[in-house]
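Reading through the structure tokens given below for one structure.
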Amino acid sequence: MIYENIQEELQILKQLPEPVVTWFRANKRELPWRDHPDAYRVWVSEIMLQQTRVEAVKSYYHRFLEALPDVKALAEAEEDQLLKLWEGLGYYNRVRNMQKAATQIMVDYGGEFPQTYEEILNLTGIGSYTAGAISSFAFGLAKPAVDGNVLRVISRITGSDRDIMKQSVRKRMEKLLEQVIPADASSDFNQGLIEIGAIVCVPNGEPKCQECPAKEFCVAHKKGIEMELPVKKKAAARRIEKRTVLIFRDGETRGIRKRPAKGLLAGLYELPGVDGHLTMEEAIEYSKKIGLTPVRVKEAGEAKHVFSHVEWHMIGYQIQVDELEESCTEDMIFAHPEEIQQRYPIPSAFEKYMKYVI
Ligand code: SF4
């Protein structure tokens with residue numbers, strides 16, 4: 001149902017604050033970033049949560065905060081350390097942007113996290129959701145924090161069939177919510193909506209309407225159309241790229257290389273490889289071409305990795321060579337397995353092949 005009049009939706013949403021806040025206070029999960037929610041902690045956790053499940057984020061979060069406990073430490077971190085801490089989370093530009101924002105905070109705000117929504121939104125890599133989350137969770141400001149969970153919950157509550165993939169729909173929802181956020185409980189209200197989306201009005205499968213504090217006035221529930229909402233237009237199909245991954249090793253060391261400074265997985269380290277699927281003979285030829293002497297070659301199997309716009313379909317070969325360092329003409333780093341593990345951030349795209357490396 002598309003409301004012509006924003007007032008109708010507003011009337012429904014005005015019923016939300018009290019039940020949502022009460023429900024959240026009674027049902028919230030204990031999560032590490034909910035203790036002492038200062039701006040830095042909220043920021044780190046929210047950026048991590050954009051890409052990974054809550055359970056998986058916990059260990060990353062602790063490790064990151066231990067290594068980089070505040071804005072200053074983040075601003076001053078070496079790139080390799082930063083990427084190593086992010087290894088496995090993906091979307092490495094997000095942590096690079098966090099470092100840029102940390103530098104902005106050091107330079108423009110003397111290291112103190114800015115405390116207005118507009119200033120927070122101005123920081124590199126911070127969009128309206130994260131700005132709303134930091135503003136409300138850390139500073140108690142009455143600003144909305146609309147993520148995918150909230151888009152789904154509010155679409156169902158208001159019975160809206162607007163396409164939630166559109167920016168304009170998100171903006172409209174932010175505007176509506178801003179008018180109903182309780183000034184004295186903005187953090188619990190925003191977190192409550194997100195939490196309902198995570199554990200009650202779930203994305204996959206039936207929502208648990210009987211447990212939901214909005215069931216009395218939820219339009220989708222009343223009409224029995226919970227599963228039809230929200231409307232989400234399909235994203236364009238991903239491009240498929242074929243890759244051959246080559247695990248070069250001699251008795252002691254393995255070959256890795258640094259990816260270019262721009263583009264996919266920029267600045268991270270990878271197992272060498274070439275575009276397309278090589279046969280074993282072609283892989284041997286390629287090894288010789290770059291100055292190596294293969295003594296034994298074995299298949300390392302297939303793997304697939306899905307990025308947001310691209311899928312890598314990989315095949316791999318383990319290539320035992322005579323001596324790596326002496327003869328290779330490619331720009332490679334030759335390192336011992338322990339060194340690779342401790343020092344070089346290698347993205348999870350190569351996870352399947354890392355057992356042949358370390
Ligand atoms: S009543 Fe059901 S559909 Fe409506 S918000 Fe709650 S869980 Fe979602």
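The values are calculated or read from the model by the stated rules, or taken from the named source; none is laboratory data. Only a predicted model underlies this, so the values are computations on that prediction, with no experimental measurement involved. We place every Cβ from the backbone using ideal geometry, glycine too, and count neighbours over all the protein chains shown. Remember, those area values only see protein heavy atoms, side chains included, never the ligands or the DNA or RNA. Shrake-Rupley method; radii C 1.70, N 1.55, O 1.52, S 1.80 Å.
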For the chain, what ratio Rg/Rh do Cα atoms give with a Kirkwood hydrodynamic radius? 1.06
Sticking with the crude label model, points 7 Å out along Cα→Cβ, report the distance from E118 to Q15 in nm, one decimal please. 3.6
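What is the gain in length, in nm to one decimal, between R53 and I240 on full extension, counting 0.36 nm per residue of separation less the C-alpha to C-alpha distance?
64.8 nm
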Could you give the angle, 0 to 90 degrees to the nearest 10, between helix 167-178's Cα long axis and the longest principal axis of the Cα atoms of the chain? 40
Taking Cα atoms only, helix 280-289 is inclined relative to the longest principal axis of the chain by an angle, in degrees rounded to 10, of 70
Restricting the count to DSSP beta bridges whose residues both fall in the range 204-320, what percent are antiparallel, rounded to a multiple of 5? 60
Using the alpha-carbon centroid of each, what span in Å lies between the range 171-242 and the range 287-358? 43
Taking a probe of 1.4 Å, how large is the accessible area per residue of the range 35-174, in Å²? 41
For Cα pairs less than 8 Å apart in space and 6+ apart in sequence, what is the mean separation divided by the residue count of the chain, i.e. the relative contact order in percent? 17
Label-point separation (nm) for S168 and Q210, each offset 7 Å from Cα along Cα-to-Cβ? 4.1
In percent, what relative contact order does the range 102-192 have, based on Cα pairs under 8 Å that are 6 or more apart in sequence? 26
Theoretical FRET efficiency, 1/(1+(r/R0)^6), r = Cβ-Cβ of A266 and A183, R0 51 Å, to 0.05: 0.75
Check: C-alpha center the range 22-36 vs C-alpha center the range 96-138, spacing in Å is 23
Loop-resident sites, the range 117-224, for trypsin sites (Lys or Arg not before Pro), counting at most 14 other Cβ within 10 Å (DSSP): K166, K208
Could you derive backbone 3J(HN,Hα) for the range 200-206 from the dihedral phi with the Karplus parameters 6.51, -1.76 and 1.60 (θ = phi - 60°), listing whole Hz in sequence and x where the residue is Gly or Pro? 10, 8, 6, x, 10, x, 5
If you restrict to DSSP beta bridges whose two residues both lie in the chain, what percentage is antiparallel, to the nearest 5? 60
Find how much the distance from I225 to D331 grows on full extension, using 0.36 nm per residue of separation minus their present alpha carbon separation; answer in nm with one decimal. 32.4 nm
Whole-percent carbon and sulfur share, accessible surface of the range 171-329, 1.4 Å: 49
Here, E338 and A26, labelled 7 Å along Cα→Cβ, have an inter-label distance in nm of 5.6
With Cα atoms, 0 to 90° folded angle of helix 186-199 axis to the chain main axis: 60
Over the range 1-127, calculate the relative contact order: mean separation of alpha carbon pairs under 8 Å at least 6 apart, over the residue count, as a percent. 18
